[in-house]
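Since the structure comes first, as structure tokens, the remarks are kept for the end.
The values are calculated or read from the model by the stated rules, or taken from the named source; none is laboratory data. As the structure is a prediction and not an experimental result, all values here were calculated from the model. So basically every Cβ, Gly included, is an ideal-geometry build from the backbone, and we count neighbours across all protein chains shown. With ligands, DNA and RNA removed, areas are computed over all heavy atoms of the protein, side chains included. Shrake-Rupley method; radii C 1.70, N 1.55, O 1.52, S 1.80 Å.
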Amino acid sequence: MSRTNAMGSTVVPGTACKPEVPDPDRPIMFAAAQIFICDGERCHGCHKEDPAERLRALIKEEGCHQGPERIKVTRTHCQGACRFRGFASVYQNGRARHYNQEASFSAWKGVHKWSDEEWRALLAALRAGRLPESLMSCRVAEQVYGA
Ligand code: FES
């Protein structure tokens, strides 16, 4: 029995989502922004819910799962920022319509406890090329050595 992935493509047997026939109109790297959510033990810990799956569902609801405003979600293991518990980092594509260098990278803490409204605030901000004012208390400040 063949399986299909979230995009409806038949997958290679033995894989979870690798399509048998790659679709050039849905290239894997096509995204205006990408959110990397840590699911390492120290971040995910006792949380029962899968934040990546929840976020993907919200992205679909918001209509930013496809097209030029697509926001992609990728699970990671430890990103080396465990002390922030529930860590996520976000990159914007430099070619995206609303790209803004000031918001090109951001890091967030406690995301495993974020409400749907908090996630929606981040998604709306990403689509507008800015950072969400309402979430700035959850932002992890980044710094470049020697800058
Ligand atoms: S376990 Fe999430 S950053 Fe280390």
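Just the residues that are of a type in the set (Gly, Ala, Ser), away from the ligand (no atom under 16 Å from the Cβ) and modelled with pLDDT under 95, please, taken from segment 51-103.
Taking segment 51-103 as the starting set, the residues that turn out to be of a type in the set (Gly, Ala, Ser) are 52, 57, 63, 67, 80-81, 86, 88-89, 94, 96, 103.
Narrowing the set further to residues that are away from the ligand (no atom under 16 Å from the Cβ) leaves 57, 63, 67, 94, 96, 103.
Of everything in segment 51-103, those that are of a type in the set (Gly, Ala, Ser), away from the ligand (no atom under 16 Å from the Cβ) and modelled with pLDDT under 95 turn out to be Gly63, Gly67, Gly94, Ala96, Ala103.
Kindly provide the set of residues from segment 10-50 that are in contact with a Pro (Cβ under 7 Å, 6 or more places away or on another chain), more than 14 Å from the ligand (Cβ to nearest atom) and within 16 Å of Val90 (Cβ to Cβ), ordered by number.
Correct list: Ala32 only.
Scan segment 123-135 for residues that are of a type outside the set (S, T, N, Q) and part of a helix (DSSP H, G or I) and report the count.
Looking only at segment 123-135, we keep the residues that are of a type outside the set (S, T, N, Q), and these are 123-133, 135.
Of the ones still in play, those that are also part of a helix (DSSP H, G or I) are 123-128, 133, 135.
Residues flagged as of a type outside the set (S, T, N, Q) and part of a helix (DSSP H, G or I) within segment 123-135 amount to 8.
Kindly provide the set of residues from segment 79-93 that are closer than 16 Å to Gly45 by Cβ and of a type in the set (A, V, I, L, M), ordered by number. Can you show your working first?
Step one: of segment 79-93, the residues closer than 16 Å to Gly45 by Cβ are 79, 81-88.
Ala81, Ala88, listed by residue number.
Can you tell me how many residues in segment 114-147 are charged (D, E, K, R) and farther than 18 Å from Cys38 by Cα?
Our first condition is that a residue be charged (D, E, K, R); within segment 114-147, this holds for 116-118, 120, 127, 130, 133, 139, 142.
Of the ones still in play, those that are also farther than 18 Å from Cys38 by Cα are 117, 120, 127, 130, 133.
Selection size over segment 114-147: 5.
Out of Val140, Val144, report the one residue that is more than 16 Å from Ala31 (Cβ to Cβ), open to solvent by 70 Å² or more (accessible area, probe 1.4 Å) and of a type in the set (A, V, I, L, M, F, W, C).
Values: Val140 fails: open to solvent by 70 Å² or more (accessible area, probe 1.4 Å).
On inspection, the qualifying residue turns out to be Val144.
Inside segment 77-113, can you point out the residues that are aromatic (Phe, Trp, Tyr) and open to solvent by less than 10 Å² (accessible area, probe 1.4 Å)? Steps first, please.
The first filter runs over segment 77-113 and keeps only residues aromatic (Phe, Trp, Tyr), leaving 84, 87, 91, 99, 105, 108.
The one that is aromatic (Phe, Trp, Tyr) and open to solvent by less than 10 Å² (accessible area, probe 1.4 Å): Trp108.
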